[in-house]
Amino acid sequence: MAFSAVLTSEWTKIRTVASTSWTLALALIVTAGFGALISTAVAASFDDMSQIERATFDPTLVSFAGMQFGQLAMIVFGVLVVSTEYSTGMIRTSLAAVPARGGFLFGKLTVATVLALLVGLLTSFVSFFLSQAILGDHGTGLDGENVLRAVVGAGVYMALIALFSMGVASMLRSSVASISILIPFFLIVTNLLNAFEATREYGQYLPTAAGSKIMQVVPNAMGSAESPYGPWGGLGIMLLWVAASVLGGYLVLNKRDA
Amino acid sequence: MIEAVGLTKRFGAKTAVDQLSFQVKPGHVTGFLGPNGSGKSTTMRMIVGLDRPTSGRVTINGLPFRELPNAQRHVGALLDAKAVHGGRRARTHLLSIAQLSGIPEKRVDEVLAVVGLQDAARQRTKGFSLGMGQRLGIATALLGDPQVLLFDEPVNGLDPEGILWVRNLMRRLAAEGRTVFVSSHLMSEMALTADHLIVIGRGRLLADMGTQEFIAHNSAGFARVRAADTDPDGRETLGRALSKAGGRVLQEPDGALRVTGLELPGISDLAHAAGVRLWELSPHRASLEEAYMRMTQSAVEYTSTEDPRAELWEQDPLALPAWEDGPSAPEVPQAGFFAPPPPGAGGKPFLMPSNPGELASTAKDSAEDTR
């Protein structure tokens, strides 16, 4: 079985179900929309901000303020790509046609991740330009120092979130279980652990807390806490999480009866 | 050619398939029979590598499925008609499976035509009936034009025309020299389709033989004898005479006798010698279905018990046996408040006059009615 054959097949699968387009569209709209909303609020109240906040003001990071919610749609996308194979039984039809499970899983993850990356990049650029237009004088341009890294990084971050979710869904094989673990994990657990000084020591190593550093241009922007790693270090930590999740998914698929 | 050797699958403490060894040869339709839960589907899943055997092995053309190069060109399987993403259209579903093995898009349209789904090709599969689902599953199995075909319960949900079509398709595929392995829990269907039968119960092999051979081995004949009801001792006298002559006599619930081991003329002679008048003497052959039921009854996973309907109503001790349909002897009471009155004038069983002359009068009445 050629790997390219799996890629073609998975591309056919992913473009012919409705969930792909609505989850990805939602990721774009929510991220860019919330970013624009918060940018409007920031632009209006810029003069009321504290000295420190103004000194570390990071207009690039403000454009990705909607990521907190937009990433939820990416999680749902990643989960559904994998779990619908199980919930519909399609996995049995697929595996009865391709015995090589490793190639099958990696083909699927490759296609879905590349698609998530493209939509992620589109989202980050749209969010960036929209917010900068709203921020006006307080905004920045792509030619600013490290700005391009942050914008591209935001797109990569979204793709990694999706890939992490695919790995988790491969292990759990259920949409409901995967989504009800992932969303509270990202939305509540990660935020809570990072909200308190005592727990931040651990919380800062969670995938989204570490990975989101790539979106900051100004270190410790907007009065955020200091971290022992830089933007690339943070992305590296997130990559380790993603690798662990994908490896787990592969082991489960290869070992367990489908 | 499919070959299983000592194939075993355990799920925890439960053994689904137990030391199963068989061969499925090319050029024949091989029926795979067993009651629900006997391990048919688990065996099929192990053949295509979805489940790993606990011990033993199963190979296709000498190789385990997972090691087959370009598996789809060797093996096609319909395991579960509903194993499709309902949001995808029939054609794109098939296309995605075809692309896995580099099968050209043209082949997708070919198999859609073979199973008669051309008109539904652009429909989302969640709107499919069970029968359409089965056809789509068969189309998936045919995609790679494989030499070995597996079908798990392919006629489930099909209408009579569809069943006939599947039957002919199986026979045609086998005639082309392919290996066709079809599971079913319906003996009657397999008797018409399969050349060879593999019967399992509780995961164990019960029979592995040609269909004709199976019928010859397993369908025993019997004679049904009914002594005249007007002679109260007739049945007992006859029963004793038959037993003495070496027959094995069983009494049916309605009073008829089921005799094995004696030929019909012999029974007639014995009845004559004993001075018993007969109302019925008929030959019966146990159907293949009965033979199959007899073979598997100890191996049935889920057995039902009689519903006692506690306190709901008194059971009618003289109820008609299930195989006796329609109204019968007049002394059977029309009891049971759910029983509808038999057809015919005045609620009387038709053509069963209890008084002389009654038949003539009813005939006259009805003749007047039609006028």
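Read-outs: derived from the displayed coordinates by stated rules, not from any lab. Here the structure is a predicted model, which means the values were calculated and not measured. Reconstructed Cβ throughout: ideal geometry from the backbone, glycine too, with neighbour counts over all protein chains shown.
Taking interchain pairs and intrachain pairs at least six residues apart, which have beta carbon atoms under 6 angstrom, with the first residue in segment B:238-258 and free of Cβ contacts under 8 Å to residues at least 40 places away in the same chain and the second among the charged types (D, E, K, R) and part of a loop (DSSP other than H, G, I, E, B)?
Every condition considered, the pairs that remain are B:ARG258/B:GLU252.
Taking only segment B:55-85 into account, find how many residues are more than 11 Å from every other protein chain (Cβ to nearest Cβ) and either within 22 Å of B:GLY127 (Cα to Cα) or among the polar types (S, T, N, Q) (or both). Break it down into steps so the answer makes sense when it comes.
Taking segment B:55-85 as the starting set, the residues that turn out to be more than 11 Å from every other protein chain (Cβ to nearest Cβ) are B:55-59, B:61-62.
Those still in the list that are either within 22 Å of B:GLY127 (Cα to Cα) or among the polar types (S, T, N, Q) (or both) too: B:55, B:59, B:61.
Summing the residues that are more than 11 Å from every other protein chain (Cβ to nearest Cβ) and either within 22 Å of B:GLY127 (Cα to Cα) or among the polar types (S, T, N, Q) (or both) in segment B:55-85 gives 3.
Go through segment B:86-102 and give me each residue that's within 7 Å of another protein chain (Cβ to nearest Cβ) and in a helix (DSSP H, G or I).
If the condition is that a residue be within 7 Å of another protein chain (Cβ to nearest Cβ) and in a helix (DSSP H, G or I), then B:THR92, B:LEU95, B:SER96, B:ILE97, B:GLN99, B:LEU100 are the ones that fit.
Can you tell me which residue is surrounded by the fewest Cβ atoms within 10 Å (Cβ to Cβ) among those in segment A:1-24 that are in contact (Cβ under 8 Å) with a residue 24 or more places away in the chain and more than 8 Å from chain B (Cβ to nearest Cβ)?
Checking each candidate, the answer is A:PHE3.
Out of curiosity, is B:VAL155 part of a helix (DSSP H, G or I) and either free of Cβ contacts under 8 Å to residues at least 40 places away in the same chain or of a type in the set (D, E, K, R) (or both)? Walk me through how you get there before you give the answer.
On the way: part of a helix (DSSP H, G or I): no; either free of Cβ contacts under 8 Å to residues at least 40 places away in the same chain or of a type in the set (D, E, K, R) (or both): yes.
Spelling it out, it is not the case that B:VAL155 is part of a helix (DSSP H, G or I) and either free of Cβ contacts under 8 Å to residues at least 40 places away in the same chain or of a type in the set (D, E, K, R) (or both).
With segment B:1-81 as the region, which strands (runs of 3 or more DSSP E) entirely inside it contain at least 2 residues that are surrounded by fewer than 23 Cβ atoms within 10 Å (Cβ to Cβ)?
B:2-11, B:14-24, B:55-60
Within the set of pairs 6 or more residues apart or between chains, which connect a residue that is over 17 Å from A:LYS108 (Cβ atoms) inside segment B:90-118 to a residue that is basic (Lys, Arg) with Cβ atoms less than 6 Å apart?
From segment B:90-118, the pairs are B:VAL115/B:ARG135; B:LEU117/B:ARG135.
Give the residue, chosen from A:ALA177, A:ALA150, that is under 30 Å from A:PHE104 (Cβ atoms) and either away from chain B (no Cβ under 14 Å) or touching a residue at least 40 places away in the same chain (Cβ under 8 Å) (or both).
Unique residue meeting the criteria: A:ALA177.
Keeping to segment B:26-54, report how many residues are under 15 Å from B:PRO146 (Cα atoms) and either at the interface with chain A (Cβ under 9 Å from one of its Cβ atoms) or of a type in the set (A, V, I, L, M, F, W, C) (or both).
Going through segment B:26-54 one residue at a time, the tally reaches 3.
Return yes when B:LEU136 is assigned to a helix (DSSP H, G or I) and within 23 Å of A:ALA258 (Cα to Cα) and no when it is not.
Values: assigned to a helix (DSSP H, G or I): yes; within 23 Å of A:ALA258 (Cα to Cα): yes.
The answer is yes for B:LEU136.
Could you go through segment B:103-116 and let me know if any residue there is within 10 Å of chain A (Cβ to nearest Cβ) and outside any helix (DSSP H, G or I).
Taking every residue of segment B:103-116 in turn, at least one turns out to be within 10 Å of chain A (Cβ to nearest Cβ) and outside any helix (DSSP H, G or I).
Does segment A:61-70 contain any residue that is among the aromatic types (Phe, Trp, Tyr), surrounded by fewer than 24 Cβ atoms within 10 Å (Cβ to Cβ), more than 10 Å from chain B (Cβ to nearest Cβ) and within 23 Å of A:PHE185 (Cβ to Cβ)?
Here is the first cut: in segment A:61-70, the ones among the aromatic types (Phe, Trp, Tyr) are A:64, A:69.
With the extra rule that they be surrounded by fewer than 24 Cβ atoms within 10 Å (Cβ to Cβ), the set shrinks to A:69.
Remaining after also requiring more than 10 Å from chain B (Cβ to nearest Cβ): A:69.
Next, only the ones that are within 23 Å of A:PHE185 (Cβ to Cβ) stay: A:69.
So far as segment A:61-70 goes, yes, one or more of its residues are among the aromatic types (Phe, Trp, Tyr), surrounded by fewer than 24 Cβ atoms within 10 Å (Cβ to Cβ), more than 10 Å from chain B (Cβ to nearest Cβ) and within 23 Å of A:PHE185 (Cβ to Cβ).
Restricting segment B:110-119 to residues that are surrounded by fewer than 20 Cβ atoms within 10 Å (Cβ to Cβ) and in contact with a helix residue (DSSP H, G or I) (Cβ under 8 Å, 6 or more places away or on another chain), which is nearest to A:ARG15 (Cα to Cα)?
Of all residues in segment B:110-119, those surrounded by fewer than 20 Cβ atoms within 10 Å (Cβ to Cβ) come to B:110, B:113-114, B:116, B:118-119.
Those still in the list that are in contact with a helix residue (DSSP H, G or I) (Cβ under 8 Å, 6 or more places away or on another chain) too: B:114, B:116, B:118.
Values: B:VAL114: 26, B:GLY116: 26, B:GLN118: 22 Å.
Only one residue tops the list, namely B:GLN118.
Working only within segment B:121-152, note down all residues that are surrounded by 21 or more Cβ atoms within 10 Å (Cβ to Cβ) and away from chain A (no Cβ under 13 Å).
Those that are surrounded by 21 or more Cβ atoms within 10 Å (Cβ to Cβ) and away from chain A (no Cβ under 13 Å): B:MET132, B:GLN134, B:ARG135.
Within segment A:30-76, can you find the residues that are assigned to a helix (DSSP H, G or I), farther than 23 Å from A:GLY155 by Cβ and hydrophobic (A, V, I, L, M, F, W, C)?
Across segment A:30-76, the qualifying residues are A:ALA41, A:ALA43, A:ALA44, A:PHE46, A:ILE52, A:ALA55.
Residue-by-condition table, conditions (1) surrounded by fewer than 12 Cβ atoms within 10 Å (Cβ to Cβ); (2) more than 18 Å from A:VAL246 (Cα to Cα); (3) out of contact with any Ser or Thr (no Cβ under 7 Å at 6 or more places or on another chain):
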| residue | (1), (2), (3) |
| --- | --- |
| A:VAL176 | yes, yes, yes |
| A:ILE179 | no, no, yes |
| A:PHE185 | no, no, yes |
| A:THR190 | no, yes, no |
| A:LEU193 | no, yes, no |
| A:THR199 | no, yes, yes |
| A:GLN204 | no, yes, no |
| A:SER212 | no, yes, yes |
